[in-house]
1. What FRET efficiency comes out for the pair Ser66/Ser46, r = Cβ-Cβ distance, R0 = 35 Å, nearest 0.05?
2. Report the label-to-label distance for Met18 and Glu37 in nanometres (one decimal), using points 7 Å from each Cα along the Cα→Cβ vector.
3. Quote the FRET efficiency, to the nearest 0.05, computed for Ala4 versus Ser26 with a Förster distance R0 of 22 Å and r equal to the Cβ-Cβ distance.
4. Taking the number of other C-beta atoms within 10 Å as the exposure measure, put Ser11, Ser26, Ser66 in order starting with the fewest.
5. Excluding Arg39 itself, calculate the net charge of residues whose Cβ lies under 14 Å from the Cβ of Arg39, where each Lys or Arg counts +1 and each Asp or Glu counts -1.
6. Using θ = phi - 60° and the Karplus form 6.51 cos²θ - 1.76 cosθ + 1.60, what ³J(HN,Hα) does each residue of the range 16-26 get, whole Hz, x for Gly and Pro?
7. Going by how many other Cβ atoms sit within 10 Å of their own, how do Ile2, Ile21, Ile28 line up, fewest first?
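Throughout, read-outs are computed from the coordinates displayed, never taken from laboratory work. Predicted model only: the values in this text are computed from it and were never measured. As a convention, Cβ positions derive from the backbone with ideal geometry for all residues, glycine included, and neighbour counts pool all protein chains shown.
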Amino acid sequence: MIEALRTGPISSVEAAQMLDIVQPPSTIRRLRKKGHEIRTFWTHQSTEPGRPPHRVAKYILMREAS
């Protein structure tokens, strides 16, 4: 996850689909405990074609742990 965040923002849906992370919020929580500064922004995103968008977390790495 940290490698993906280094390249830019990633949503919880993208993390689950592209990185095969079952619980992205838990992964973000562990990274924060290690000292990484990660901001969470909320957006609306579709998870499947034809489905209405719903609220999804988008994570942005602000600063890595030293």
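1. Values: r = 38 Å, r/R0 = 1.08.
FRET efficiency, Ser66 to Ser46: 0.40.
2. Calculated label separation equals 2.4 nm.
3. Values: r = 15 Å, r/R0 = 0.70.
FRET efficiency, Ala4 to Ser26: 0.90.
4. Numbers: Ser11 19, Ser26 10, Ser66 5.
Arranged by neighbour count, lowest to highest, Ser11, Ser26, Ser66 become Ser66, Ser26, Ser11.
5. Numbers: positive: Arg29, Arg32, Lys58, Arg63; negative: Glu37, Glu64.
Once positives and negatives cancel, what remains is +2.
6. 5, 7, 8, 9, 6, 9, 5, 10, x, x, 5
7. On the way: Ile2 13, Ile21 18, Ile28 22.
Listed from fewest to most nearby Cβ atoms, that is Ile2, Ile21, Ile28.
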